[in-house]
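To start, the structure itself, in structure tokens.
We did not get these values from a lab; they are worked out from the coordinates using the rules stated. Computed from a predicted structure; not experimentally measured.
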Amino acid sequence: MDDQEFGKLRAYLDGVSGSCTLPFDRLRELTGQPLPEEATSEAWWTDPAGWDAWPPSRTLRTAGWRVESAHPAALLVRLARDRRKAADARPAGRTWPGWLGRSRKP
């Protein structure tokens, strides 16, 4: 799958600094992909055959995001910026947040 398919998700996360908590329904809305039945188990979120195999997770990782925690009973997932990956993604010679040409929301 092409990362461009999940542009709505990337656009949303571009406006977030640090971390965010998303209800499962909002994650489905942003990705256009239903979460599998197994997502109601905490193990799915850390299993390479689970979360890592779900197509939108690649977009999140390449955009510098990771799952910080999952709360399946509450149907919530907390995403956090992976600062190492975000720094690697910056074009050389430009500083955060100016490399995107706009300021981040506080």
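Numbers at a glance
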quantity	calculated
Intensity falloff of region 3-83 expressed as log10 I(q)/I(0), Debye formula with alpha-carbon point scatterers, at q = 0.12, 0.13, 0.17 Å⁻¹	-0.28, -0.34, -0.60
Normalised contact order of region 3-83, rounded percent, pairs of Cα under 8 Å and 6 or more residues apart	36
Under-5 Å amide H pairs with ASP82, H placed in peptide plane, nonlocal only	TRP65, ARG66
Stretch gain in nm, segment ARG78-ARG26, where the contour uses 0.36 nm per residue and the Cα spacing is subtracted	17.5 nm
